[in-house]
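Since the structure comes first, as structure tokens, the remarks are kept for the end.
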Amino acid sequence: MSPPRKIGRILASPAVGQEETVQGWVYRTRSSGAIVYAVVRDSTGIIQVTVKKGNLPEEEFEAAKAAPVESSVIVTGKLFEDKRAPGGFEIKASGFKLVGGAMPFPITEYQSEELLLDNRHLWIRSREQAAVMKVKASVLEGARAWLKANDFIEVTPPILTQNACEGGVTLFKLKYFDREAYLSQSAQMYLEALIFSLDRVYSLTPSFRAEKSRTTRHLTEYWHLELEEAWTDNAGNMEVQENLVTAMVEQVLQDRQEELRLLGRDPADLREVRPPFKRVRYSQAIEALRAQGLDLSFGSDLGAVEERAFTANEKVPVFVTNFPKEIKAFYMKEDPEEPSTVKCADMLAPEGYGEIIGGSERETDLDKLVERLQALEIPMEAYQWYLDLRRFGSVPHSGFGLGIERVVRWVCRLEHIRDAVPFPRTVARCYP
RNA sequence: GCCGUCGUAGCUCAGUCGGUAGAGCGUGUGACUGUUAAUCACAAGGUCAACGGUUCGAUCCCGUUCGACGGCGCCA
């Protein structure tokens with residue numbers, strides 16, 4: 001016997017008059033005396049089940065009448081087309097089996113953000129949350145498919161580390177037996193080591209940042225797609241970035257248009273995402289923003305306000321390149337054509353969603369690296385293995401890190417990044 | 001780290017110019033054979049975040065603490 005059809009399948013190819021079985025959860029019930037209307041949901045959709053007294057055993061009718069929201073049920077009955085039913089079809093129940101009852105569901109009509117976050121383990125049953133998770137799966141699928149097709153090898157760097165990759169960024173410290181260690185905030189240095197045997201590598205790992213950031217684009221734990229390739233300069237790496245992001249978006253467009261619409265994102269917006277993306281030098285960006293009336297000088301970083309102003313009217317991501325050396329990480333390569341800047345690129349999502357990728361060509365000169373580390377007063381002991389990479393057959397190489405949830409936030413038009421992950425970890429929340 | 005807003009029923013909120021509190025939703029009971037976040041009737045449900053101060057009297061005024069949310073900086 002074949003398994004019962006999912007609701008989405010039943011609605012996509014309705015077999016009117018045929019008996020169907022639905023395994024799902026009570027989404028909503030209404031009762032009108034001897035008729036109970038139970039809207040049932042599963043992972044694919046919702047359908048109305050009409051339960052009439054007399055059409056099924058008395059105790060099953062009573063069970064349907066009393067079933068609270070989110071009770072799990074198995075319903076059997078024939079499918080009918082009916083304009084009065086939400087979605088246009090309904091199942092007239094000949095059987096209604098209560099599998100698991102439910103307490104009064106804490107999430108009802110109007111709810112505060114706090115309650116929804118406290119009850120995240122239940123809130124993820126909502127259609128919006130489910131849609132986001134499906135889009136995210138397609139983003140990851142699209143990324144992996146493109147990377148495989150382009151000869152990037154997935155590697156598995158450690159999460160426990162003793163390296164503070166970017167100096168300034170705060171780390172989660174933990175006890176590692178009788179020593180200290182940190183949760184990784186970036187796999188970059190490990191990926192740099194791996195290119196010497198594998199050439200083109202990437203990793204998909206959680207990254208952890210103990211930043212006390214209260215914003216709509218920061219998580220303390222997020223999924224980080226990092227990539228490193230040997231024999232490539234910053235310009236070549238930017239092509240990888242725009243092609244990869246385009247592939248992610250294309251996969252979403254292929255699989256998840258219905259979910260996008262549910263979330264309020266018009267798929268047509270995303271069809272405009274194609275390489276090449278616009279490239280703007282930092283100095284030009286500053287000028288353009290000044291022309292808009294913003295008060296900026298060369299050397300100040302682009303903040304949230306500036307990023308928003310710069311990309312508000314874009315439909316496609318934009319690269320900003322050649323940031324001043326002082327405001328960027330120690331491992332970024334100086335640009336010989338403009339030595340006050342480094343060969344780096346930030347990819348900014350359109351519509352003001354902000355940075356989704358930070359990438360650069362890496363400094364290969366050992367002395368310059370040491371100099372930068374000293375200037376920033378970064379303790380050198382933990383970096384000896386990293387400096388070794390410049391001592392043994394150093395090659396030009398470039399790479400970047402991409403925040404998966406930031407991409408999902410943009411693609412799904414989410415107000416807050418925490419909705420791009422089922423159980424968000426932020427500065428104020430580590431539960432549930 | 002900085003700035004701001006909020007905490008009253010299970011939930012969303014109103015309210016008390018300082019005299020111990022109300023609505024809607026949800027829940028319970030009953031009615032209803034075509035509902036669309038159904039409707040109608042009745043009922044239960046409160047240490048007004050915690051602690052301290054002022055006061056005859058504080059949920060309300062003042063202070064402290066805790067919690068939550070929003071924004072900045074920093075980043076992906």
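What follows is calculated from the coordinates using simple rules that are stated; it is not laboratory data. As the structure is a computational prediction, the values presented were derived from the model and not from experiment. In this analysis, Cβ positions are derived from the backbone assuming ideal geometry, glycine residues included, and neighbour counts consider all displayed protein chains.
Less than 5 angstrom separates the built amide H of A:VAL395 from none of the residues sequence-distant by 5 or more or on a different chain.
Near A:LYS92, which aspartates and glutamates are there with a Cα under 18 Å away, not counting those fewer than 8 places off in the same chain? List returned: A:GLU19, A:GLU20, A:ASP42, A:GLU58, A:GLU59, A:GLU60, A:GLU62, A:GLU81, A:ASP82. Highest GNM mean-square fluctuation, chain A, Cα pairs closer than 10 Å: which of A:VAL40, A:VAL408, A:VAL252? Answer for the Gaussian network model of chain A: A:VAL40. On a per residue basis, the convex hull of the C-alpha atoms belonging to chain A measures out at 188 Å³.
Taking Cβ atoms as reference points and 10 Å as the exclusive limit, the residues near A:ALA193 contribute a net charge of -3, counting Lys and Arg as +1 and Asp and Glu as -1.
Listed by Cβ neighbour count within 10 Å, with the fewest neighbours leading, A:HIS397, A:HIS416, A:HIS218 appear as A:HIS416, A:HIS218, A:HIS397. Among A:CYS344, A:CYS412, sorting on how many other beta-carbon atoms sit within 10 Å of each Cβ, with the fewest leading, yields A:CYS412, A:CYS344. The angle between the Cα long axis of helix A:366-375 and the longest principal axis of the Cα atoms of chain A comes to about 80 degrees, rounded to the nearest 10.
Count charges around A:ASN243 for me, please; just the other residues with Cβ under 12 Å from its Cβ, Lys/Arg as +1, Asp/Glu as -1. Once positives and negatives cancel, what remains is -2.
Among the trypsin sites (Lys or Arg not before Pro) in the range A:274-355, none sits in a DSSP loop with a Cβ that has at most 12 other Cβ atoms within 10 Å.
Only Lys, Arg, Asp and Glu count, each charged at its Cβ (+1, +1, -1, -1), so figure out the dipole size of chain A about its Cα centre, rounded to 20 debye. My answer is approximately 1760 debye. The Cα center of the range A:232-294 and the Cα center of the range A:104-140 differ in position by 27 Å. Cβ-to-Cβ counts within 10 Å put A:GLU242, A:GLU211 in ascending order as A:GLU211, A:GLU242, the fewest first. Under 5 Å from the amide H of A:SER71 lie the amide H atoms of A:VAL26, each residue being 5 or more positions distant or on a separate chain, with H modelled from the backbone and absent for Pro and chain starts. For A:GLU20, the residues whose modelled amide H falls within less than 5 Å of its own, excluding neighbours fewer than 5 places apart on the same chain, are A:GLY77, A:LYS78, A:LEU79. What the phi angles of the range A:152-160 give under the Karplus curve with 6.51, -1.76 and 1.60, with θ = phi - 60°, is a coupling list of 8, 9, 6, 10, 10, x, x, 9, 7 Hz, glycine and proline written as x.
Residue pairs exceeding 21 angstrom between C-alpha atoms, taken from A:LYS325/A:LYS368; A:LYS52/A:LYS78; A:LYS148/A:LYS333: A:LYS148/A:LYS333.
Helix-derived [θ] at 222 nm for chain A: sum -39500 (n - 2.57) over DSSP H runs of at least 4, divide by residue count, nearest 500?
-9000 deg cm²/dmol
Phi angles of the range A:232-244 translate, via the Karplus equation with coefficients 6.51, -1.76, 1.60 and θ = phi - 60°, into HN-Hα couplings of 9, 8, 4, 4, x, 5, 5, 5, 4, 4, 6, 5, 5 Hz per residue; Gly and Pro are given as x.
A Gaussian network model of chain A, with springs between Cα atoms under 10 Å, assigns the largest mean-square fluctuation among A:ALA375, A:ALA304, A:ALA67 to A:ALA375. Other residues whose C-beta falls under 14 angstrom from the C-beta of A:GLY303 contribute a net charge of -4, scoring Lys and Arg +1 and Asp and Glu -1.
Against the main long axis of the alpha-carbon atoms of chain A, helix A:188-198 sits at an angle near 80°. For the listed residue pairs A:LYS53/A:LYS134; A:LYS278/A:LYS328; A:LYS212/A:LYS328; A:LYS212/A:LYS278, the alpha carbons are over 30 angstrom apart in A:LYS53/A:LYS134; A:LYS212/A:LYS278.
3J(HN,Hα) couplings calculated from phi for the range A:121-135 with the Karplus curve 6.51 cos²θ - 1.76 cosθ + 1.60 (θ = phi - 60°) are, in sequence order, 4, 9, 5, 5, 6, 5, 5, 5, 4, 4, 4, 4, 5, 5, 4 Hz; Gly and Pro show x.
Would you work out which of A:TRP146, A:SER184, A:GLY87 lies farthest towards the positive end of the dipole of chain A, given +1 charges on the beta-carbon of Lys and Arg and -1 on that of Asp and Glu, about the Cα centre? Of A:TRP146, A:SER184, A:GLY87, it is A:GLY87.
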